[in-house]
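What follows is a single structure, written as structure tokens, with notes after it.
What follows is calculated from the coordinates using simple rules that are stated; it is not laboratory data. In this text, all values refer to a predicted model and were calculated from it rather than measured experimentally. Cβ coordinates were reconstructed from backbone atoms using ideal geometry, including for glycine residues, and neighbour counts include every protein chain displayed.
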């Protein structure tokens with residue numbers, strides 16, 4: 001649990017991404033999010049990318065990736081191709 005103080009830092013954070021099917025790579029946080037994680041975290045802050053899919057029986061979480069913020073910041077944001085949703089049908 002995080003106690004809101006001037007010394008509080010982000011130890012880890014989850015970025016959850018809804019997808020129609022498992023993608024090769026999760027969607028990385030945008031540049032502003034990376035900057036905020038960097039500013040309020042430490043060099044050891046973990047960024048967890050989680051893909052989730054809505055199927056006929058509920059949600060599944062087929063892929064989870066883990067990064068250290070040092071690997072993501074200050075690299076540029078790479079938008080995901082949104083055409084992955086063009087033919088979406090719940091499974």
Based on DSSP H runs of at least 4 residues, each adding -39500 (n - 2.57), what is the mean residue ellipticity at 222 nm of the chain after dividing by all its residues, to the nearest 500 deg cm²/dmol?
-> -4000 deg cm²/dmol
Would you kindly state how much longer the chain becomes between residue 48 and residue 24 on full extension, computed as 0.36 nm times their sequence separation minus their alpha carbon distance, in nm to one decimal?
-> 7.1 nm
Relative contact order (percent, whole number), the chain, Cα cutoff 8 Å, 6+ residue spacing = 33 percent
Between the helical axis of 31-40 and the dominant principal axis of the chain, each derived from Cα atoms, what acute angle in degrees is found, rounded to the nearest 10?
-> 40 degrees
Using 20 Å as the cut-off for backbone N distance, which residues of segment 7-24 belong to the label zone defined by a point 7 Å from the Cα of residue 77 along Cα→Cβ?
-> 13-19
The chain: Cα Rg divided by the 2.2 N^0.38 Å rule of thumb | 1.24
Beta bridges per DSSP with both ends in the chain, % antiparallel, nearest 5 = 55 percent
Using a Gaussian network for the chain with springs between C-alpha atoms less than 10 Å apart, which of these wobbles most: 41, 26, 55?
-> 55
